[in-house]
Structure formats: structure tokens, C-alpha cells
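Please read the structure below before turning to the comments.
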Amino acid sequence: MLEYKGIHYETHPQVYEPAEDTFLLAENLQIERRDKVLEIGTGTGLIAIIASKNCSTVTATDVNPYAIDCAVKNLIANKSYNVELRKGSLFEAVENEKFDLVLFNTPYLPTDEDERVGDELDDAWDGGNDGRKIIDQFLEGLKDHLTPNGRVQLVQSSLSDIDKTIEKLNEQGLEASVTARKKCFFEEIVVITGIPKST
């Protein structure tokens, strides 16, 4: 059993274990009390649990069935009863729903065919050849799932073109910027936050 700021959680060999990118997002969440939050790729559920303490409801999704099982245990252990878990890729599980805040620690690593391990863990970090495969799919679907004043916070790496993400969010009418950053060995991990442009 691991612990992060009073939250106790278990991991699983087939589930992405919270790491620097997870904690960077956890420490820079911009959540409001009334927010209806969506977290995509919840993994162990740690971010969903943290978010749930500060908002109205959280819907947390993951494509990995092991992650759903792991997150269920962690939600129960931390009495996070305002979190609903659903299995699905990206926005599949929330088809016609809109949220005040969408969170996503994206699979952002540029990955060649021979670097994939061939199990559920690939989904957590495999961003395709340029690291943007999932990020771009996410950005395409995002606008349909934001309330009129909806915001987004996502994690990505300097290896997967931060400026392009900011540009795409700006095109969707959001004011996007890097709100947190952390240097790692060969890359920089950032949190990009998109808020509605002030009229």
C-alpha cells in the first residue's frame, strides 16, 4: 500500500503507477467546489480521489480493465463515494455528457513499434511515433464534452510538441498555457491548462 498526502492506494503490475507526471498534475489541479469533473485514463484512481475531495462529482474512465479494478479498491479505501468509474477509451464512456473540468495525464511518449511491451501498460504511455496520437484524438473530442465555461488540464512532455497542443486548444476558444513544469532526464513534463477566453 502506497501513500500520497494522506491518500492510501494500491497499484497493479498492469496499471501505470503514479509517478512524477501524476504528482505534477495532483499539485497543480485547478478545481472549483461545484465542478463536475471528468478524468480520462484514471489508472490507480489517485487523481480522481484528490479531485473528489474538492468538487461536486468525478467521472473517471480508463480503457484498461485492470485499472478499473485497481481504482475501485482505492476509491473504496479512501471513501471517495462521489466518483463514478467507467470503462472506455477517451470520451467513449461519456458520449453525450459535458463537464466543467476535464483532466488527462496523456500517453505522451513517442514510441516505435519495437518499444511497445504488448500489454495494457502500453495504453498509459504509448503516444505513437510522434507522441501525439492520443493527444490529438483527445483534443478533437474535447469541445463536445465541455460546458460553456469548461476547462481542461492535461499532462504531456516536451517530446510531443507542447506548442501544437496550446495552438489546438486556442483554436477551440480556450486560452491555453503551461501552468506547471518539471524537468526529467531527457524531457520536460508540463501541465497545460485551457480556460475559456475572457470576452
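Below are the figures for this structure:
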| item | result |
| --- | --- |
| Spatial separation of Cα centroids for the range 1-76 and the range 146-199, in angstrom | 20 Å |
| Global form of the range 41-102, assessed from the alpha-carbon gyration tensor, a/c cut-off 1.5 | oblate |
| Gain in span if fully extended, LYS164 to THR147, counting 0.36 nm per residue against the direct Cα distance | 3.8 nm |
| Along each principal axis, Cα extent of the chain, largest first, Å | 44, 42, 31 |
| Fully extended contour minus Cα-Cα distance, from VAL72 to SER89, at 0.36 nm per residue | 4.4 nm |
| Accessible-area composition of the chain, carbon plus sulfur, in percent [1.4 Å probe] | 48 percent |
| Whole-number percent relative contact order across the chain, with pairs defined as alpha carbons under 8 Å at least 6 apart | 19 percent |
| Share, in percent, of DSSP beta bridges within the chain that are antiparallel, nearest 5 | 45 percent |
| Once exposed loop chymotrypsin sites (Phe, Trp or Tyr not before Pro) are cut out (DSSP; at most 12 other Cβ, 10 Å), longest piece of the chain | 82-184 |
| Dipole magnitude (debye, nearest 20) for the range 1-73, charges at Cβ of Lys, Arg, Asp, Glu | 380 debye |
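The values are calculated or read from the model by the stated rules, or taken from the named source; none is laboratory data. Keep in mind it's a predicted model, so treat the numbers as computed, not measured. Cβ atoms come from the backbone with ideal geometry, glycine included; neighbour counts cover every protein chain shown. Keep in mind that these areas ignore ligands, DNA and RNA; they rest on the heavy atoms of the full protein, side chains included. Shrake-Rupley method; radii C 1.70, N 1.55, O 1.52, S 1.80 Å.
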